[in-house]
Every structure is written in structure tokens, then in C-alpha cells.
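The values are calculated or read from the model by the stated rules, or taken from the named source; none is laboratory data. Computed from a prediction, not measured in an experiment: that's the story for all the values here. Reconstructed Cβ throughout: ideal geometry from the backbone, glycine too, with neighbour counts over all protein chains shown. For the accessible areas, the whole protein counts, side chains as well, though only heavy atoms, and no ligand, DNA or RNA atoms are used. Shrake-Rupley method; radii C 1.70, N 1.55, O 1.52, S 1.80 Å.
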Amino acid sequence: GNYPEQIATIIGATTYKVGFGGCRMGSRDISTETGNAYNELSMYKLSEAIKNSDFTATTAAVEYLKNNVSDDNTIALNVLKSIDFSTIDFVTIFYGSNDWASDYNTIGAENSTDPKDIKGAVNIIVNNLMTKYPNLKILFITPTHRFFGGTGSAYDSDTTPNALGVYLSEFCNAIEESANYNHLPCLNMYRRGGLNKYNHNLLFTDGVHPNNSGYTYLARKFSAYLQSLFKYY
């Protein structure tokens, strides 16, 4: 969506949009070439590439997915590679919905360094980014409520866990807890985002992805939170 551009307009920032669709905070099954390629685009692996200033594996993954899965992330990759992170003030990390839906990723312990765990992935990301760039101010943002109305695949993430028996709210709490463990802020959009089954159809195209009004809502919500945290930095 275009919420990063809208944030730029609202708060007068220069923004860089480097989202990779369908990806996770943590690791995924790498037993297939496709799984391995998408794993390289997970946030924990991106943080490793940023720390090492080495996007060789990231570039290979993007090329593979473009040529074999018709999923072209070239624009996001080129933006990411162009950034000098020593000049960046704020990084917003908005992941977790795909981790929860994968039925693969777990929550993990507070001090985990296992990228399969959502808590481990957060710890790895913070360590990688802030070891190399201690100037960064990082804000984690949790997934929003998910809601598929109607029949058949209908579910409400408030009442329907994933195949591991874990609720999305638990994943969101885990991200917030891990951010706090690392003394970093987190905007829990599941708990405090104002998005629920009653207004879902106004702001989403489906059970997960915002529509234009939804992206504007996110831009305003994120901008307000960023300003409340960092206005005087």
C-alpha cells in the first residue's frame, strides 16, 4: 500500500518503502528452493544483510522469485540497497501476520535467538541492526485483527487460533513483549489499533489487506504514534 508515502506527507519525513509481500519476521521451511528464497526476504535475514552490507543472497532470492514464482520484488530490493542506514533516524518493523498464519513459527522464550520463534526473530533483528547502527530508533508494529466474514473459510482471529492452537493476539503480545525486552517501543495494533470485526469491511479488501481507506488509517495511526515517541529527537 501507500501508507509510507502518506506518512511522509503527514509528518514531513523522507520515507523508504522496503516491504516484501508475503514474508515473515522469522524463518521458514527452507527444504525447497522457493522456501529458501522467501526465507532470505524474512526480516531477520534482511537485518543480517543490512548489518553485513551484503545483499548477495537477498538479490539471488529476488531473482529466483521473479523468474520462477512471478513475484517481483526488484523495486523494494533496490530501495533497500540504496539506503545508508547511518543516516536513518527511524525504522518501523511491521511483521508477524504471516508468521502466525504459517503454522510453523512459534512464540519462543524471552531470550530466544532461534529465528523460528517470533521472540527469537525480534531479538536477532534488534541485535543485528543496533550493533551496526546504534543511531537507529526502532518501532515495532504488530499485526492487526484478521476477519473473514461469511461462510466456508469464515473466521475471526479473536476466536480462531492457528493450527498450533495459538491465537494471533498471543503473537502480537509476544512481539510487544520482545520489543519491551529490548527496551524498544511497540504499537500493538491488535490491542490498540481500533480495528475489529465491526469496521473491518470499511477498511480492508479481504480478511487481512487494507483498502485505500485502510492504508490512510494506518498512515495516520503510525504517524501519530511516531510523533508521540520521537517528536523532539
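Could you tell me what a quarter of the Cα convex hull surface of the stretch 1-67 works out to, in nm² with one decimal place? Mind showing how you got there, number by number?
Values: hull surface 21.6 nm².
Over every viewing direction, the Cα hull of the stretch 1-67 projects on average to 5.4 nm².
Per residue Cα convex hull volume for the stretch 58-104, in cubic angstrom? Mind dumping the intermediate values first?
Working: hull volume 5.4 nm³, N = 47.
It is 114 Å³ per residue.
Work through the residues other than TYR181 whose Cβ is under 14 Å from its Cβ and net out their charges, Lys, Arg +1 and Asp, Glu -1. Could the numbers behind the result be given before it?
Values: positive: LYS119; negative: GLU110, ASP117, GLU176, GLU177.
With Lys, Arg at +1 and Asp, Glu at -1, the net is -3.
Taking only the alpha carbons of the stretch 72-149, we obtain Rg and Dmax values of 14.7, 45 Å in that order.
Per the Kirkwood treatment, what hydrodynamic radius in Å, one decimal, follows for the stretch 23-114 from the mean inverse distance over all distinct Cα pairs? Numbers along the way, then the final one.
Details: mean 1/r = 0.0704 Å⁻¹.
Final number for the Kirkwood radius of the stretch 23-114 is 14.2 Å.
Spin-label pair ASP158-SER213: with each label point 7 Å from Cα along the Cα-Cβ axis, the two points sit 1.9 nm from one another.
Take the Cα of ALA60, step 7 Å toward its Cβ, do the same at LYS132, and the gap between the two points is 1.7 nm. Among the DSSP beta bridges whose two residues both lie in the chain, what percent are antiparallel, rounded to the nearest 5? Expressed as a percentage, antiparallel bridges in the chain total about 25.
Annotation: amide H-H contacts under 5 Å for THR106 (H modelled 1.01 Å from N, sequence separation of 5 or more, or interchain): ASP117, ILE118. Average accessible surface for the chain: 49 Å² per residue, computed with a 1.4 Å probe over protein heavy atoms with every protein chain in place. Only protein atoms count toward the accessible area here, which uses a 1.4 Å probe; on the chain, the carbon and sulfur part of that area reaches 49 percent. Shape index of the stretch 119-233: Rg/Rh, with Rg the Cα radius of gyration and Rh the Kirkwood radius from the inverse mean 1/r over Cα pairs, equals 1.02. Taking amide hydrogens as placed 1.01 Å from N in the peptide plane, the amide H of ILE93 sits under 5 Å from those of LEU139, PHE140, ILE141, each at least 5 positions away in sequence or on another chain.
Express in nm, to one decimal, how much length is gained between VAL79 and ALA224 on full extension, taking 0.36 nm for each residue of separation and deducting their alpha carbon distance. Could the numbers behind the result be given before it?
Working: separation 145, 0.36 × 145 = 52.20 nm, distance 2.50 nm.
Extra length available between VAL79 and ALA224 comes to 49.7 nm.
From most to least packed by mean Cβ count within 10 Å, the peptides 44-51, 132-139, 189-196, 80-87 give 44-51, 189-196, 132-139, 80-87. Here's the list of aspartates and glutamates a cross-link from LYS119 could span, going by alpha-carbon distance under 15 Å and ignoring same-chain residues fewer than 8 apart: ASP99, GLU110, GLU170, GLU176, GLU177.
With the cut-off at under 19 Å, measuring from each backbone N in the stretch 184-205 to a point 7 Å along the Cα-to-Cβ line of LYS231 picks out 185-187. Considering every alpha-carbon pair of the stretch 52-181, the percent of pairs per 10 Å bin, from zero through the bin containing the longest distance, is 11, 32, 35, 20, 3. Beyond 29 Å between alpha-carbons counts as too far, so tell me which of LYS66/LYS197; LYS51/LYS231; LYS51/LYS197; LYS66/LYS221 fall in that bin. Too far apart for the 29 Å limit: LYS66/LYS197; LYS51/LYS197; LYS66/LYS221. 3J(HN,Hα) couplings calculated from phi for the stretch 175-187 with the Karplus curve 6.51 cos²θ - 1.76 cosθ + 1.60 (θ = phi - 60°) are, in sequence order, 4, 5, 4, 5, 4, 5, 4, 9, 6, 10, x, 9, 9 Hz; Gly and Pro show x. In the chain, the alpha-carbon atoms span a convex hull of 129 Å³ per residue. Protection proxy ranking for 20-32, 95-107, using the average of other Cβ atoms within 10 Å per residue and placing the highest first: 95-107, 20-32.
Residue by residue, the stretch 154-166 carries 3J(HN,Hα) couplings of 4, 7, 10, 5, 5, 10, 10, x, 7, 5, 8, x, 9 Hz when phi is fed to the Karplus relation 6.51 cos²θ - 1.76 cosθ + 1.60 (θ = phi - 60°); x denotes Gly or Pro.
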